[in-house]
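Data first, discussion second: the structure below is written as structure tokens.
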Amino acid sequence: MAGIEVTALHKRYPDGTVAVEHVDLSIADGELFVMLGPSGCGKTTTLRAIAGLERQTTGDIRIGPTLVNDLPPAERDIAMVFQFYALYPHLRTRDNLAFPLRAEGLPKAEVRDRVEEAARLMRLEPLLNRRPRQLSGGEQQRVALARALVRRPRAFLMDEPLTNLDAELRADMRTEIKHLQGQLGTTMVYVTHDQVEAMSLGHRIAILNKGRVEQIGTPLEVYNRPASLFCAAFIGSPPMNLIEVEVADGELRGQGGLALTPPPGLPRDRRLVAGVRPEALEVAEPGAERSVPARVVSAEWLGDEVIYVVDHGGQRDVRVRMPSTVRFDADAKVGLRHTGVAPAVYDVSTEELVA
């Protein structure tokens, strides 16, 4: 096992495109670290640079104490799992698992023992004599994970490995991966654009945007205190409501007079935006205490909860998460109020968190 240090990583392609711009990462030994961001943000390029599949323009990469800038992928002692399983179609599961070990020239007995151990960990024993075409998508991905596992690498690198699975299988495989990483205690770097995967898997999450790291923190840290307006809009489903606010007489008020719990240390000389989570707002009967007049635009019923979209005082499409026992029809006149803790507040010009 080994930690991974990425220092001032920069990647510019020959056509001038900058894919990664000064990325610094410090990934602890045994950590499950997730890189999250939209397509084109630089997360896969960063992962491929760590693996040695991309040569960085500048910057250093260390795996454990070893500077690996000039080492080919085979000498970095890492294992990668890709979005596409890349199993050999003519080989049975047993031989797909054994292939990288045989390529290293390991003794037959050791190959057999490692394959059986990986098959046991990934619950593949009944599938060892099947070829890939006889396996489901989830089973093929488990084989791909087991094939990485048999090598006993210092770190696992995973590039959107669950993208091609349906929703139920993705949830099952998330559980498999989290359990496996906890059981082995191996360093794992996981790339995804799916925030549910990131929040459920990661010990820490790095949010990337346009080749730069916007924030690194635990799932709760990036959810409760996004470091920038980009993070605030990206994390959460539905994401934070971004409401223009002003400070007056010690109070924080949004458009239409919506009163918000003020955080300490608010600057008074800047244009501010509050990031308010949908669950920190409440739709109530018209005229309810501390509420402002609003109108229900739509309601999305999700079993035990409902997402209301409301307009109020010039602020459109405010999203509110409520229990499904609270029912208001579309176009109903209601009251809207803030019920949560002090929201995150951002400077409009810098788009950075200020309180």
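Read-outs throughout are calculated quantities, based only on the coordinates presented, and are distinct from any laboratory measurement. Keep in mind that this is a model prediction, so the values were computed, not measured. Counting neighbours? That spans all protein chains shown, and the Cβs are built from the backbone with ideal geometry, glycine included.
Listing for the model above:
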| read-out | value |
| --- | --- |
| Exposure proxy ranking, count of Cβ atoms within 10 Å, fewest first, for 39, 324 | 39, 324 |
| Positive minus negative residues near residue 273 (Lys, Arg vs Asp, Glu; Cβ under 12 Å) | -3 |
| Distant alpha-carbon pairs in segment 96-228 (separation over 27 angstrom), percent | 28 |
| Spacing of the two label points (7 Å from each Cα toward its C-beta) at residue 220 and residue 110, in nm | 4.4 |
| Alpha-carbon centroid distance for the pair segment 306-340 / segment 1-80, whole angstrom | 44 |
| Cα long-axis angle, helix 93-103 against the chain (0 to 90 degrees, to the nearest 10) | 70 |
| Shape category assigned to segment 1-144 from the gyration tensor of Cα positions, a/c cut at 1.5 | prolate |
| Nitroxide proxy distance, nm - points 7 Å out along Cα→Cβ at residue 13 and residue 300 | 3.2 |
| Cα gyration tensor, segment 234-347 - rounded (a/c under 1.5), prolate or oblate | prolate |
| Neighbour cut-off at most 13 other Cβ (10 Å), DSSP loop, trypsin sites (Lys or Arg not before Pro), segment 201-272 | 268, 271 |
| Cα-based helix-to-principal-axis angle, 167-184 vs the chain, degrees rounded to 10 | 60 |
| Per-residue HN-Hα couplings for segment 311-321 [Karplus 6.51, -1.76, 1.60; θ = phi - 60°; Hz; x = Gly/Pro] | 10, 7, x, x, 8, 9, 6, 7, 9, 10, 9 |
| Relative packing of 105-114, 180-189, which averages over residues the other C-beta atoms within 10 Å, highest first | 180-189, 105-114 |
| Spatially proximal lysines relative to residue 11 (Cα-Cα < 19 Å; intrachain offsets below 8 disregarded) | 43, 210 |
| Of (i) 1.10; (ii) 1.19; (iii) 1.01, the label for Cα Rg over 2.2 N^0.38 Å derived from the coordinates | (ii) |
| 251, 282, 289 arranged by Cβ crowding within 10 Å, fewest neighbours leading | 289, 251, 282 |
| Net charge dipole size for segment 156-264 [Lys, Arg +1 and Asp, Glu -1 on Cβ; Debye, nearest 20] | 280 |
| Angle in degrees between helix 108-121 and the longest Cα principal axis of the chain, rounded to the nearest 10 | 20 |
| Footprinting exposure proxy for 329, 24 (fewest neighbouring C-beta atoms within 10 Å first) | 329, 24 |
| Phi to ³J(HN,Hα) by Karplus 6.51 cos²θ - 1.76 cosθ + 1.60 over segment 268-277, Hz, x for Gly, Pro | 10, 10, 9, 6, 10, 10, 9, x, 10, 5 |
| Potential lengthening between residue 354 and residue 196 on full extension [0.36 nm per residue; Cα-Cα distance subtracted] | 54.2 nm |
| Rounded to 5, percent antiparallel among DSSP beta bridges of segment 59-198 | 20 |
| Residue-span extension gain [residue 324 to residue 212] - 0.36 nm each, minus C-alpha spacing | 36.4 nm |
| Qualifying chymotrypsin sites (Phe, Trp or Tyr not before Pro) in segment 58-95, DSSP loop, other Cβ atoms within 10 Å at most 16 | 82, 84 |
| Whole-Hz ³J(HN,Hα) from phi, Karplus 6.51 cos²θ - 1.76 cosθ + 1.60, for segment 18-24, glycine and proline x | 9, 8, 9, 10, 6, 9, 10 |
| Contour excess over end-to-end distance, with Cα ends at residue 75 and residue 99 and 0.36 nm allotted per residue | 6.9 nm |
